[in-house]
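Data first, discussion second: the structure below is written as structure tokens.
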There are 4 protein chains.
Amino acid sequence: MDNTPLPDNNKKWKLKLHEIIYEADTPNGKLFDILLLILILASILLVMLESVKEIDLQYHFWLNVGEWIVTILFTIEYIARIISVKKPWRYIFSFYGIIDLLSTLPKYLSLILVGTHALVAIRALRLLRIFRILKLARYLGASNQLTSAIKASRAKILVFIFTVVIIATIFGTIMYLVEGEENGFSSIPRSVYWAIVTLTTVGYGDIAPQTALGQLISTVIMILGYGIIAVPTGIISAEYSRSTTTDEHPKKGVANHNQDHVPLNTLSCQSCLADKHKDKAEYCYNCGHPLFIEKD
Amino acid sequence: MDNTPLPDNNKKWKLKLHEIIYEADTPNGKLFDILLLILILASILLVMLESVKEIDLQYHFWLNVGEWIVTILFTIEYIARIISVKKPWRYIFSFYGIIDLLSTLPKYLSLILVGTHALVAIRALRLLRIFRILKLARYLGASNQLTSAIKASRAKILVFIFTVVIIATIFGTIMYLVEGEENGFSSIPRSVYWAIVTLTTVGYGDIAPQTALGQLISTVIMILGYGIIAVPTGIISAEYSRSTTTDEHPKKGVANHNQDHVPLNTLSCQSCLADKHKDKAEYCYNCGHPLFIEKD
Amino acid sequence: MDNTPLPDNNKKWKLKLHEIIYEADTPNGKLFDILLLILILASILLVMLESVKEIDLQYHFWLNVGEWIVTILFTIEYIARIISVKKPWRYIFSFYGIIDLLSTLPKYLSLILVGTHALVAIRALRLLRIFRILKLARYLGASNQLTSAIKASRAKILVFIFTVVIIATIFGTIMYLVEGEENGFSSIPRSVYWAIVTLTTVGYGDIAPQTALGQLISTVIMILGYGIIAVPTGIISAEYSRSTTTDEHPKKGVANHNQDHVPLNTLSCQSCLADKHKDKAEYCYNCGHPLFIEKD
Amino acid sequence: MDNTPLPDNNKKWKLKLHEIIYEADTPNGKLFDILLLILILASILLVMLESVKEIDLQYHFWLNVGEWIVTILFTIEYIARIISVKKPWRYIFSFYGIIDLLSTLPKYLSLILVGTHALVAIRALRLLRIFRILKLARYLGASNQLTSAIKASRAKILVFIFTVVIIATIFGTIMYLVEGEENGFSSIPRSVYWAIVTLTTVGYGDIAPQTALGQLISTVIMILGYGIIAVPTGIISAEYSRSTTTDEHPKKGVANHNQDHVPLNTLSCQSCLADKHKDKAEYCYNCGHPLFIEKD
């Protein structure tokens, strides 16, 4: 694959960079991914530790140093990603592009805003960095059966949530009438909140029925909640079961030529960022741009 | 379909009105549905906000104005529905007819009852308006597989609830004896309430066992509850799984000519309110009355 | 069926009585069953109401009268059952025979023990009457698929409970070390109780981890509990699903000649109390005694 | 099988000992297993009772005596196991070997450490004995379908746990901002802990949202948690269902020659400890060492 003609406007090092960042099959690509993973987890740990007062008071300096190291490394990664793709705007406005930007921005903003005493705003901005955790989603392997099972039953799940909300609203209102303000059911929204807490079998106990009638109605909600939990389970279980069945016995089920069986590589196109190319593909199926994988 | 002979006693505008209200496939019908949906959600929001004391004190006037607007619009809708059907009584005494009436009545009653200091009664009547949420059920698409799965396993679900109640009664009584009044198990009904709270894994914690024996029995109830949650799930999962299987592979399963595959329109008969007519039907399958859809 | 030769030692009225009590298909049998159902529910309601102090203080006399009526009617039923079967001892020592005796005894015992100031003992005896609720189990239709699904997976359920107990013991002990007495984890049994409360997602909150490490370990237990709830569900779901599949498509599955398809009657043998006779059976399959159903 | 030539360096009594300890099919082996089971349960009960202050104060002497008896018996078992296998180191460094050592060690260490006032360390060491409960795992029958179903869906379960942690981290951070310190959400780790408590429907109630917005977000988490509980259930249910299906109808499914159908004996090889030998095997499938079962 090394002798494919290179487009003129692409330097060798750009290609190399692209391969390291967007490709997970080569040793360099793997190393980059592992380092990034560690960096993300470290940065989330830092945000968390900073929020614990005792730790922040004692180690404020070191947490700040750690933050700056993480922020600078994320900035380098962000710039490298922009440089190595042909159409940077596509990356910048993609989902991960925005997440990557949000991961670096807050620390720089804290520098500018420090003088203006906008302490509360900074605090909120700092926490934006927690969204770095979404970067981990890259490693979840987005195309698994689970996601497709959930997608297939999306409409049914919405109907289910809608039903739960209707039931909670009606029962919440009834409990507001039955229990009243003196037992903690001080308004309908609060009663509906309680009804959802009960229906989903969470049961905090911060609000709990005190009257005999209220407790009777509660048991109805509980048994209802205990029963209808079966509904989402039934939906996903059936969808998932079907998807795996047709997956394993393709001749028995519907003609479902599942793409999972085609060997795919982990490369994304340097030009349009499309991924899931076939293992032997030499050109992007989306924009026709050549795909390069340097063999080490 | 425009040249079907019109019955003499039906004016053109009545037909038009019927089409707007009961038909969701034409642009006018769709617009009406969306406006109604927004109106219902707004009215429920108003009822909820009114129950929050702080909000009611501050915005009482505007909430009242909003209430009157919603009530008048619902009244117009109610009258329009009565006019546009041939046999109004059928609509009035139908499930949705009663819901529609209950949605408008309370505000008018509050006018009459204000002079009589019947404040508590009004408050309860006002909350009747929350039942408007049931109007949303129209949009749930009543004929889905879920409902049929639940219907098919109705008898088993009843047996299950019955079993849960029996287990809760026995364990509740035992706990009443073991823990006694001093630990919050002050009567058998209250202990049974606790047993249901525990069995359904809600676990408020407002009543909790204090003695060692009581805690031991509790763990038995918990593991029991944790285990038997599998039962409704198993029932619905199996029923649902079967219904979707026969749906997809009709030749493999029982000869189950599921009507879902017949293209249906969203029109309901002007005369008898029956719906789920075939897409090409020109006469009501229930009463033989002609069905009109004006193409725009 | 009327001309089957009657055994000499059986009087006509005994047969009639047997039919009313043990047979649910004849009008008299049905009426008896419904009356008994109401009586059982009434008696349980009485026991429950008696335990509520305020109600007992106000209506003590009427509750006592109700109790005596119920007790006398149950006594008559008990005697009638003994008379109408050929081998009374079989009934007396059967599961329902003992339940029936326990339902009547306590009230009589309370008469004898009143003089002896044995108040606590009486109180406990009174509550024995709650076991009448088990009589309702007769109406559950013991031979349904659910029970057979549970029976089929009995061994797996035991392994599952065993696993839950082992996990709870280990995590309970760890939490006892981590949290210690000052945070409510005062002994290992109490910590194991807490671990089961958490693992089964009941979550009372009477004991809750306070230290950071304790909360971290708790989240592990919670996610574990949240995950392994799938296990009993999966077991019963699969067993139930299979049992209904083979039930509906007997040719596809294993040669499973399910007896549910054989029309059974509700008669039980007058001599040995065996039930589930075939609809056309004239002799008991268990003891060979003739079965009589008088057609009205 | 008795006339298989015995290797010279194995004495008759060693073989006998091996058979008793590692073989569960002979009467002696069964007796040994039952006695060991009782001993393990007794030792765990002792550890638990010791942790209850009131019991420890009153019965300290007897608990100590019981502990010594159990410890000495476990020591004998440990030594017997080492003697009866050909390659003792294999056993010593096996999973159960380490568990067996940890079960005996703490009591002896408490003797040595008593003089050094290392009270806290001893206390922790004592609790190591709770790991004896893992010895019970031997009786669980490790090779059942359940374990294989869980193993088959391991990757999916990990993705699921990962998703739960990501959701909890994001929602926990949001709630930390919304509710703040004054409502108990004093740091991000604590808020994430709360989010997991809510998502898994445990719901202690030690921390509960107080603001309207916080309660609104909570209901989203609850419904999310209530819904995604379906995911692990769906996974295991489908895997389990498939494994039992292919198990029962081997010709229909994939060519899955499940070894469960081969009659296995409970013997483990005296030389390499490998088990699951075929019922008629005379030599170890792993090391070729002859297997001896003395028929009584």
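The values are calculated or read from the model by the stated rules, or taken from the named source; none is laboratory data. Predicted, not measured: the structure shown is a model, and the values here were computed from it. Note: ideal-geometry Cβ built from the backbone for every residue, glycine included; neighbour counts use all protein chains shown. Each accessible area value is taken on the protein alone, full model and side chains, heavy atoms only, with ligands, DNA and RNA left out. Shrake-Rupley method; radii C 1.70, N 1.55, O 1.52, S 1.80 Å.
For the stretch D:144-248, the per residue solvent-accessible surface stands at 31 Å², with DNA, RNA and ligands left out and a 1.4 Å probe. Annotation for the B:C interface, with buried accessible surface near 3900 Å², both sides summed [1.4 Å probe; non-protein components not counted]. For the stretch C:144-248, the relative contact order works out to 34 percent when only alpha carbon pairs closer than 8 Å and six or more residues apart are counted.
Comparing each chain alone with all protein chains together (probe 1.4 Å, DNA, RNA and ligands left out), the residues of the stretch C:199-223 losing at least 40 Å² of accessible area are C:Thr200, C:Thr201, C:Val202, C:Gly203, C:Tyr204, C:Gln215, C:Thr219, C:Met222, C:Ile223. Taking the centroid of alpha carbons for each part, the stretch C:170-188 and the stretch D:51-111 are 22 Å apart.
Relative to the other identical copies, D:Leu109 shows label-point distances of 5.2, 5.2, 7.3 nm, where the label point lies 7 Å from Cα along the Cβ direction and values run shortest first.
Shortest first, C:Ala152 label-point distances to identical copies amount to 1.6, 1.6, 2.3 nm, with the label point at 7 Å from Cα along Cα→Cβ.
Here is how far apart the B:Phe93 label points are across copies: 6.1, 6.2, 8.7 nm, shortest first, using a point 7 Å from Cα toward Cβ. Compared with the direct C-alpha span, the chain from B:Lys87 to B:Asn183 gains 28.4 nm at full extension, assuming 0.36 nm per residue. With 0.36 nm allotted per residue and the present C-alpha distance subtracted, the C:Ile72-C:Leu213 stretch has 44.7 nm of extension available. Between their Cα atoms, which of A:Lys12/A:Lys87; B:Lys30/B:Lys53; B:Lys156/C:Lys156; B:Lys16/B:Lys107; A:Lys16/A:Lys107; A:Lys53/A:Lys107 are more than 28 Å away from each other? From the list (A:Lys12/A:Lys87; B:Lys30/B:Lys53; B:Lys156/C:Lys156; B:Lys16/B:Lys107; A:Lys16/A:Lys107; A:Lys53/A:Lys107), the Cα-Cα distance tops 28 Å for B:Lys30/B:Lys53; B:Lys16/B:Lys107; A:Lys16/A:Lys107. Chain D residue nearest the rotation axis toward C, with distance: D:Gly205, 3 (Cβ to axis, whole Å).
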